[in-house]
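Input: a single structure, listed below in structure tokens.
Quick note: the coordinates plus some simple rules give every number you see, no bench work behind them. These numbers were taken from a predicted model, which means no experiment stands behind them. Note: ideal-geometry Cβ built from the backbone for every residue, glycine included; neighbour counts use all protein chains shown.
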Amino acid sequence: MASLIECDDVWKIYRVGDVDVQALRGLSLTIEQGEFVAIMGSSGSGKSTLMNMLGCLDQPTKGHYRLNGVEVGRLTPDELAGIRNQQIGFVFQSFNLIPRTSALENAQLPLFYRGLSLKEQRVKAAEALGRVGLHGREDHYPTQLSGGQQQRVAIARALVTSPSLLLADEPTGNLDTQSSQEIMRILETLNRDEGITIILVTHEVDVAAYAAREIVIKDGQILSDRKTKAGPISSPVGA
Amino acid sequence: MAAFVWLTIMTALRILGRNRMRAGLTMLGIVIGVAAVIAMVSIGEGAKRAVQAQIATMGTNVIIIFPGVTSASGVRGSQGSAITLTVSDALELKKRIPLLVDTGWSRRDVLQIVYGNKNWNGPIYGISPSYLTIRDWSFTSGGPFTQTDLDSAARVALIGQTIVDNLFEPGEEPVGAVIRIKNVPFRIIGVLAPKGQSSQGTDQDDVIFIPFSTAERKVFGTSFIGSVAAMFGSTDQVEDLPMAAEQIREVLRARHRLQAEQGDDFTIKTQVDIGKVQEGTSETLTMMLFAIASVSLLVGGIGIMNILLVSVTERTREIGVRMAVGAKRYHIVMQFLIEAMTLSLVGGVLGIVLGVAGAKLTTLIAGWPTIISGNVIVISFFFSLVVGLFFGLYPANKAARLNPIEALRYE
Ligand SMILES: Nc1ncnc2c1ncn2[C@@H]1O[C@H](COP(=O)(O)OP(=O)(O)OP(=O)(O)O)[C@@H](O)[C@H]1O
Ligand SMILES: [Mg+2]
């Protein structure tokens, strides 16, 4: 059976003026369904570039990226959008909720583009908000929520479609320690209880500690890749 | 899809509601354009209909022949000054031209009419009985005079409503009453049904009809027996009017012994000619309306495009988020198109309401007749939609072409 993610000699080259910036340089990587991976590395090492590509927001300049066996490099923008909608959930450092739009409606958004009926959208989005502990906050606007709560709305939006892959680029980067721990516990639970594959970018060691595998990137290449826990099933008690 | 469109419309309305001032200013061009067009078309239609109704009061398929020549400006130098048309001309035309159903004639003078202790200066028409049928006069009471009355120069009269109003008490029956014109007693045998204003704006009900022969011999005291001020003919079909007019011209030229190089000593006008003058004015009006509408819709459209471009820039991040969670190109295009069309449609509907109100107010205040046609409302609505669609396309496409990563990073 194919792995969830297979990167094979992936390059990402940005052209700025007449200088080529090589953000990814022949990176190869395999991630199985159900893994919890932390990606670390210094600023500018290519973490976000990799995440964007894994999330089908971008395509490699060279090399192959297969998601669930599908060659992503060959897809059209609309096909990429379809894959993002069906299989991928995003959590961003800056939450990226739609302003002046309620928590429920933000969480509904992916279902809206799936073409579900309004009723189904509402039921599922409310359920997703419940799972991240935001029951009763459905009608709150982003400005009426704390940073941690906003990030939980973003997680609800990411998991409302039951994706196979959840990508979080520095999800705790804008949060205090308390909120960071809450967010991480939610992600850990999603990985453990629902088998959602999670890939997370972080600069913080204690955040990375929630993951079972740690990949360090330097200059667009993998510097180290190691299992930090026996497997995705076991997890520290209480953390 | 239905849910998508519905929710997008709701979202668009909410966004517009949030920026009410901005939305209002943006819509202003369309509101004013549509309102102006609706008001103007309603007033124009009302005026056109009124003129048509006035022209219809002339009679059905009528040809009018005046003595003398009408100048290009349409002002007759001296009506009836040249004594070129006679009763025998009219009779000859009827005999010679089969297209003419009938011919009639009239002469006019303004004289004092006395009834009891009241008097009134009104135009007295000496007419042939056929005049009444050609000009479609009907009666509210009594009836017309006949050929016998003409032959015997009977002292009978038909009076219009204005005369009735001025000489008789309300409720008093004029038929059977005797009035005096130049001290000659006339018995009223019919009251004419009102026609209102003519297309020249004269009161058509301010008339007294008496037999032509009676007028000649007992009232007008003319030295030119048999000369008439106007002749009238009518045809069965409106299409026959030009042909009949041409034949009349030929017969009259022959009878008046006009040489080829001489101009006509009479003027022929058909009901169609008179209508055409009016149509010409309304065509100019229509062109002007079209220009106003085009300019204001263009300005309105550009306003919408401008505000949408601003909106696309302001909401770049939102667009990025929508793309990240799976919005396809057409979803983004639709979102902005629907926003543009909502703007233009709301503007259009406001314009329609304002235009209709303006037309009604014009009727109320100025007393002009207005006709609000469903067509112009439907067309305005449709055009606002098209304006939104057209001017929304560029911003919508611009939004849909954004790169999701760059959009998400946009500050
Ligand atoms: N759109 C772009 N155009 C040009 N260069 C880019 C673009 N995006 C990223 N880069 C370059 O690619 C390299 C990797 O950037 P990336 O954002 O992936 O770093 P990162 O590891 O996420 O850093 P950080 O930890 O600061 O978020 C950087 O040198 C960056 O300047
Ligand atoms: Mg980054």
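So, counting K/R as plus one and D/E as minus one, what does the shell of residues with Cβ under 11 Å around A:THR49 add up to?
Around A:THR49, the charge tally is +1.
Return the average number of partner chain Cβ atoms within 10 angstrom of each residue Cβ along peptide A:111-121. The partial results should precede the final answer.
Values: counts 3, 10, 8, 3, 5, 2, 2, 6, 1, 1, 2.
If you average over the peptide's residues, the count of other-chain Cβ atoms is 4.
What spacing in nm lies between the two simple spin-label points modelled at B:ARG401 and B:VAL295, each 7 Å away from Cα in the Cβ direction?
A separation of 3.2 nm, rounded to one decimal place.
Any idea what log10 I(q)/I(0) is at q = 0.09, 0.20 Å⁻¹ for the stretch B:266-411, Debye with uniform C-alpha scatterers and no solvent?
Those come out to -0.45, -1.15, one per q.
So, R0 is 30 Å and r is the distance between the beta-carbons of B:MET243 and B:LEU285; what FRET efficiency does that work out to, to 0.05?
On the way: r = 31 Å, r/R0 = 1.04.
E(calc), rounded to 0.05, equals 0.45.
Could you please report the charge total around A:LEU111, scoring K, R as +1 and D, E as -1 over all other residues with beta-carbon less than 12 angstrom from its beta-carbon?
+2
Rounding to the nearest 10 and keeping the result within 0 to 90°, find how far the Cα-based axis of helix A:147-159 lies from the longest principal axis of chain A.
Taking the Cα atoms of chain A, the angle to A:147-159 is about 80 degrees.
Could you state the angle between the C-alpha long axis of helix B:329-366 and the longest principal axis of the C-alpha atoms of chain B, as a value from 0 to 90 degrees rounded to the nearest 10?
Long axis of B:329-366 versus the principal axis of chain B: about 30 degrees.
Take each of the peptides A:7-18, A:106-117, average the number of other beta-carbon atoms within 10 Å over its residues, and list them starting from the highest.
Sorting A:7-18, A:106-117 by mean packing, highest first, produces A:106-117, A:7-18.
To the nearest whole number, what is the average tally of beta carbon atoms from other chains within 10 Å of the beta carbons of peptide A:78-87?
So the per-residue partner count for this stretch is 4.
Once the Cβ-Cβ distance between B:ASN119 and B:ASN306 is put in as r, and R0 is 45 Å, what FRET efficiency do you end up with, to the nearest 0.05?
Details: r = 71 Å, r/R0 = 1.58.
Efficiency at R0 = 45 Å is approximately 0.05.
Rounded to whole Å, give me the distance from the Cα center of the stretch A:88-150 to that of the stretch B:209-263.
Cα centroid of the stretch A:88-150 versus Cα centroid of the stretch B:209-263: 89 Å apart.
What is the Cα radius of gyration of the protein assembly as shown over 2.2 N^0.38 Å, N being its residue count?
1.72
When a/c reaches 1.5 or more, the comparison of a/b and b/c decides; with that in mind, is the stretch B:115-198 rounded, prolate or oblate per its Cα gyration tensor?
Note, shape of the stretch B:115-198 comes out oblate.
What is the distance in Å between the Cα centres of the stretch B:35-50 and the stretch B:137-171?
38
What is the angle, in °, between the Cα long axis of helix B:271-314 and the longest principal axis of the Cα atoms in chain B? Nearest 10 is fine, range 0 to 90.
10
Over chain B, how many pairs of lysines fall under 19 Å by alpha carbon, counting only those 8 or more apart in sequence or from different chains?
7
Binning at 5 Å from 0, report for the stretch B:202-359 what percent of all alpha-carbon pair distances ends up in each bin.
1, 6, 8, 9, 9, 9, 7, 6, 5, 5, 5, 5, 5, 5, 4, 4, 3, 2, 1, 1, 0
Other chains' Cβ within 10 Å of B:312-325 residues: what's the mean?
Per residue, the average neighbour count from other chains is 5.
Please give the charge dipole size of the protein assembly as shown, origin at the Cα centre, charges +1 on K and R Cβ atoms and -1 on D and E Cβ atoms. Round to the nearest 20 debye.
380
Please compute one quarter of the surface area of the Cα convex hull for the stretch B:198-268 and express it in square nanometres.
7.4
Using +1 at the C-beta of Lys and Arg and -1 at the C-beta of Asp and Glu, which of A:SER164, B:GLY190, B:ILE15 has the Cα lying farthest in the positive direction of the dipole of the protein assembly as shown?
Working it through, the farthest residue towards the positive pole turns out to be B:GLY190.
Taking the Cα centre of the stretch A:75-207 as origin, work out the dipole magnitude from +1 charges on Lys and Arg Cβ and -1 charges on Asp and Glu Cβ, in debye rounded to 20.
420
Would you kindly give the portion of the calculated P(r) for the stretch A:73-134 that falls above 13 Å, as a percent of all Cα pairs?
Counting pairs separated by more than 13 Å, the tail of P(r) holds 68 percent.
Calculate the translational D of the stretch B:130-248 in whole µm² s⁻¹ from Stokes-Einstein, where the hydrodynamic radius comes from the Kirkwood formula applied to all Cα pairs, the temperature is 10 °C and the viscosity 1.306 mPa s.
Result for D is 100 µm²/s.
Just need log10 I(q)/I(0) for chain B at q = 0.11, 0.12 Å⁻¹, Debye formula, equal scatterers on the alpha-carbon atoms, no solvent, rounded to two decimals.
-0.86, -0.95
What's the local net charge at A:SER146, with K and R +1, D and E -1, over the other residues with C-beta under 13 Å away?
Counting the neighbours of A:SER146, the net charge comes to 0.
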